[in-house]
1. Looking only at the protein assembly as shown, where both bridge partners belong to it, what percent of the DSSP beta bridges are antiparallel (to the nearest 5)?
2. Using the 10 angstrom Cβ neighbour count as an exposure proxy, how do B:102, A:208, A:105 rank, fewest first?
3. Using a Gaussian network for chain B with springs between C-alpha atoms less than 10 Å apart, which of these wobbles most: B:119, B:22, B:36?
4. With angles folded into 0 to 90 degrees, how steeply does helix B:47-62 sit against the dominant principal axis of chain B? Use alpha carbons for both and round to 10.
5. Mean residue ellipticity at 222 nm from the helices of chain A, using -39,500 (n - 2.57) per DSSP H segment of n ≥ 4 over the full residue count, to the nearest 500 deg cm²/dmol?
6. How far is helix B:91-109 tilted off the main Cα axis of chain B, in degrees rounded to 10, range 0 to 90?
7. Can you give me the relative contact order of chain B as a percent, contacts being Cα pairs under 8 Å and 6 or more apart?
8. At what distance in angstrom do the alpha carbon centres of the range A:128-156 and the range A:362-380 lie from each other?
């Protein structure tokens, strides 16, 4: 839609032509009663022409927020302003209507995205509420804005504005884990290490040694025993968690936050939940996305701002846009990192990658995010259900073989999904093992 | 084909807001009221003309941006010219108001589309202006009733003056409508 000047509408053509034709007929045929029939059309035509706007209004469109969470809403604003120099003109834009098309997985209020009102005091502000029901980045707008003059006789179409990108961050699923970290290596975070050092967790009261800080002296015990004692603590340590997101495909039907979840919905929300859990504990979290173009890697960091970065990256995932075999690519993972791979485990590439990491000595946990009900029969395709059942039988065999290599596979069930397997891995990490290099 | 059109019409009808539905009903009813006034004034009726107006009114209600509205007005006026002899009948006022309703409802229906929900200020402004037009139509009918029986001398001069005024009005309307702002 391009900008235009004020154009006469069909209504104005009808009023002008009809009114003049009827009036001419009335005069020529000497029928004053026909002049009565022409009167409303002539009055409207003259009135409309008298109030024809001289200047184009200004229209500014903007989006209330650039990023929201799933299920939240923002507002598309349309501000219409009259030209300040039009003060001496009678004609002005009177009614303004705007239509905003609904992006995918979004609902609008009003539902059809159509809003209209009259221009008052030289301006008008219209709003359309946009509620996003699924994570992702989507273009919103622009709204098509049309102004009409008195009696809808002249119409002006606003120049096309720019669309805005709305990032809908995934709403992390509920997740909690009480399992100890597998390989705590850093000196921050809430995980208690196995060795003494600076921290908050009380370890013991022991005799003073050279190098101990004076503020650690435990005076009651020192006075009682006659020798200096200090309070020792366990070192607070963090762990390095790498979340690998399989975005090679998106299986199942996605109905947004309010309905059925696809495999990628489960994967992304689970990744957000795991990242949020570990970042709140002070761990360092990195994210790798497999099978999607764009930002596919978030380097390890900690803190609440890092969670926003992780969620922003997850929201930008476009599944299946990069189907190269990543098995040979290097993650650049440090030793001791815990790799959590979230995948529906339908593509062999994801399992291949988990296998490669495990054989290099990394601690890998695979979380199965295949949603239930994927094998339901399709009435339009009799082989759909059969094909899925065959594929799932193959998948079961592949999972057994990767579990034999030592890679645990767990179903995503929200809180506690990883507890058992992480405890097992912690115990296993304490034992000597051989890695194939 | 017909089933598809019916489906489209059904979907379009469901998408209409209550206000838009009211406007479309007015677009549908107003030509029939004007035609009925013509039948009452002429003391006769025509089935084919009625069917023609009904079909055209349905099309106008479906597509308010259609030029068919002008054709409906012209057909109604032609019938009036041909069939009605009593220039002082009160049915003229009814027909004039019906034409005003028809035009205003069509124009209003095109402002915000089928799903547009009008604000109270929009309704108030349109109703106020419509009342003014109806008042002027009623005034013109009163003048017409008063002057219709009067014998005015110099009818040629009056005719020429009326034609000149109409021409000037038409030219002014055209110039005002088509000029660039």
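1. Working: 54 of 78 bridges.
Of all bridge pairs located within the protein assembly as shown, approximately 70 percent are antiparallel.
2. Values: B:102 28, A:208 15, A:105 18.
So the ranking, lowest neighbour count to highest, is A:208, A:105, B:102.
3. Of B:119, B:22, B:36, the Gaussian network model singles out B:119 as fluctuating most.
4. 60
5. Numbers: 8 runs with 121 residues, N = 437.
Result for chain A, helices only: -9000 deg cm²/dmol.
6. 40
7. On the way: 130 pairs, mean separation 52.1, N = 181.
Reported as a whole number, the value is 29 percent.
8. Measuring centre to centre over Cα atoms gives 39 Å.
All of the numbers you see were taken from the coordinates with simple rules; none came from a lab. The structure displayed is predicted, hence computed values, not measured ones. Every residue, glycine among them, receives a Cβ derived from its backbone with ideal geometry; neighbour counts consider all protein chains shown.
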